[in-house]
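These notes are about the structure you will find just below.
Rule-based calculations on the coordinates, nothing more; no lab input. As the structure is a prediction and not an experimental result, all values here were calculated from the model. Cβ coordinates were reconstructed from backbone atoms using ideal geometry, including for glycine residues, and neighbour counts include every protein chain displayed.
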Amino acid sequence: MPIRLGHKRYARYSTFTKTSTPRYGYDAHAMLGAAWGIPLGGSGLSFEGFANFIDGKGKNESGADTAAETNIDRQLMYDVCPVIGAAPKSLKVGVAYPYWQNKFGNNSDKIKGATANTPMVRVGYHF
């Protein structure tokens, strides 16, 4: 938990570095989130993921307005456990496509690279 001194917020005092580091704070903002895991029949496939819609957070560290964010991560996963004789749903492989517009509140219309859209192969191990 940060420590407040006047109008500034500081991280807890570090006994290693002997300093307290100023921290930046954002305005209270709305967020709508959803998560899902939908099995596709008895095929061993499932459609999984999450979506977060995050309102602008006020000003960033440079004084510019933050943009609303859209962060959606979806994946099609296959439970390989029956094939390898492992515990059900402990090892899944699949493909995923995360999309994050205005990453960390940076406006993608003004800042190159503020939108991530990265197809990938994903492996999930649950223990």
- Task: Enumerate lysine pairs in the range 27-125 that are 8 or more residues apart or on different chains, then count those whose Cα atoms are under 26 Å apart.
- Result: 7
- Query: Just how large is the dipole of the chain about the Cα centre, in debye to the nearest 20, putting +1 at every Lys and Arg Cβ and -1 at every Asp and Glu Cβ?
  - Reply: 620
- Message: From Cα pairs below 8 angstrom and at least 6 apart in sequence, can you work out the relative contact order of the range 27-125, rounded to a whole percent?
- Response: 21
- Note on the structure: With -39,500 (n - 2.57) per DSSP H segment of 4 or more residues and division by the full residue count of the chain, the 222 nm estimate, nearest 500 deg cm²/dmol, is -500 deg cm²/dmol
- Message: Among 83, 15, 33, whose Cα projects farthest towards the positive end of the dipole of the chain, with charges put on the beta-carbon of Lys, Arg (+1) and Asp, Glu (-1)?
- Response: 15
